[in-house]
Amino acid sequence: METPLRWRELFQEGRGRLTIGILLVEFLVAVEALVIIAIMPAIRLELGGLEFYGLVFAGFSLAALVLSPIAGRAADRQGPAQPFLWFGALFMIGTILCGLAPSMPLLALARVIQGAGAGGAYTVALAAVTRVYPESGRARVLALLAGAWIVPGLLGPSYGALVASTLGWRWAFFSIIPLALVAMALAWPVLRALPAAGPASKLSVRWPLQLAAGVGALISGLSLLTWLSLPLVAGGAWLTWSALGHILPAGSLRARPGPPAAVTTIFMLILAFIGADYFIPLMLTGVRGRSLAEASAVITLGTVSWSVGNWWQSRAVLRTSSVALVRLGGAILTIAIVGIIATLAGAPLAISYLAWFAAGVGMGIAYPTAYLVIMRGADAAEAGSAVSSEQVAERLALALGGGLGGVCVALALALHASLATGLAGAFGLALLAGLASIALAPRLTMPRPAAVATPPDIPPSTR
């Protein structure tokens, strides 16, 4: 058994700069995701353009979806340093343009640039984790990354609202530029020491673009209840499925044992969690009559407890099989969704707090375990491709989690049924995804390689 890497060793032997740099990248991702939600009402009041409101979010996500597989393969082919620099610069340019945007359409366009840079830089940084840290160290890095969401989860929305009401919403974008520069300055010397891994698998830009078009059509079809819905959903599903066959590892769409099944498992876990998480505030405010602050507290519990579960998993993964951990985490998540459904049906509100705290713990156990299976199965030449496949699965689940639940609510309203009926459909889909993650757990087994490559030595000059 591999000797566990102690927490302090993540910041020693030349890894310290990279660890802090990647933590800052994760922190920036969390701040961006949570602050933009808080400042969008202020942006709408100044810029107008309510019809472009959704595109501000969708454009970022679709751009990140396109660039993740491209960035992963670029990191394999060229080494991580140059792609990280270019995508980091693209993120900062997009962020500055967001802060300068004179209209909502131009803000949506700037968010596409920002999302492309964020998706690319984040994928390259995670690919470096696979190459620099031994297996026990990867588990603890993932735990640290989960912990990077705690402060933004607790203070991010309040920070965004405060900045928007004092300095103005534009400074919510400008204020993250210094952190981005520090993250790049810390990680760059270590990434520069990592050579190209070798010739990466070729990927035509057609497939990421087709994937974005397919997901966009699919979400649009699910959001519209008109005669256009059926052709949009059918065409979007076909485009998405066809593109995924070229982007994801072979066998992912069939959940072949090993890393392909881990990719599918991550998709199901995120779909289950997000499919409930997005609609819990609506359930608590629209059905149970609670305040938005109370609903936000439930969501915050899930964010914080994810870190708690991830911390425990980083220790347990060294002595417990991946199958057992994913099965345990998936079961906790599924039971938690049952608790949310019970709250919808009239159970005491305390159950929703307990359930979503448990849901975060379950995700903190299952999600990083499946991620480590993907990392373990990647050889040095394919680290970027492997990480990018996880990013694609995750971003696809984030998009569909809201889209599928939204169509349940929209159908209920169109049929003059109650909001509770629509939410029951959304939570039911999340429950099915949770059950699917448990069913997939036995397929995460894979033969261990005869020899594990030692992470490359990092020159003293980068420490």
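The values are calculated or read from the model by the stated rules, or taken from the named source; none is laboratory data. Since we're looking at a predicted model, the values are computed, not measured. Cβ placement follows ideal geometry from the backbone for every residue including glycine, while neighbour counts extend to all protein chains displayed. What goes into the accessible areas is simple: the full protein's heavy atoms, side chains included, and nothing from ligands, DNA or RNA. Shrake-Rupley method; radii C 1.70, N 1.55, O 1.52, S 1.80 Å.
Listed values, structure above:
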quantity	calculated
Neighbourhood charge, 12 Å Cβ-Cβ cut-off, centred on Leu325 and excluding it, Lys, Arg +1 and Asp, Glu -1	+3
For the stretch 76-201, alpha-carbon Rg over 2.2 N^0.38 Å	1.20
Carbon/sulfur fraction of accessible area - the stretch 125-266, other protein chains in place, 1.4 Å, %	73 percent
Radius of gyration, Dmax [the stretch 121-192; alpha carbons; angstrom]	15.5, 46
For the stretch 107-229, accessible area per residue (1.4 Å probe, heavy atoms of protein chains only), Å²	39 Å²
Estimated [θ] at 222 nm from DSSP helical runs (n ≥ 4, -39500 (n - 2.57)) normalised by residues in the chain, nearest 500	-26000 deg cm²/dmol
The stretch 39-121, relative contact order in percent, only Cα pairs under 8 angstrom and at least six apart counted	46 percent
Viscosity 1.002 mPa s, 20 °C: Kirkwood-radius Stokes-Einstein D of the chain over Cα pairs, µm²/s	96 µm²/s
Evaluated over the stretch 258-355, the Cα radius of gyration and Dmax, each in Å	15.0, 45
Residue (of Phe273, Leu191, Thr226) at the positive-pole extreme of the stretch 164-289, dipole from beta-carbon charges	Leu191
Portion, in percent, of the accessible area of the stretch 315-357 that falls on carbon or sulfur, probe 1.4 Å	73 percent
For the chain: relative contact order, % (alpha-carbon pairs under 8 angstrom, 6 or more apart)	23 percent
Principal axes of the stretch 305-450: Cα extent on each, largest first, Å	60, 29, 23
The stretch 320-371: equivalent-ellipsoid semi-axes (sqrt of 5 x gyration tensor eigenvalues, Cα, Å)	25, 9, 6
Given charges at beta-carbon only (K, R positive; D, E negative), |dipole| of the stretch 58-142 in Debye	120 debye
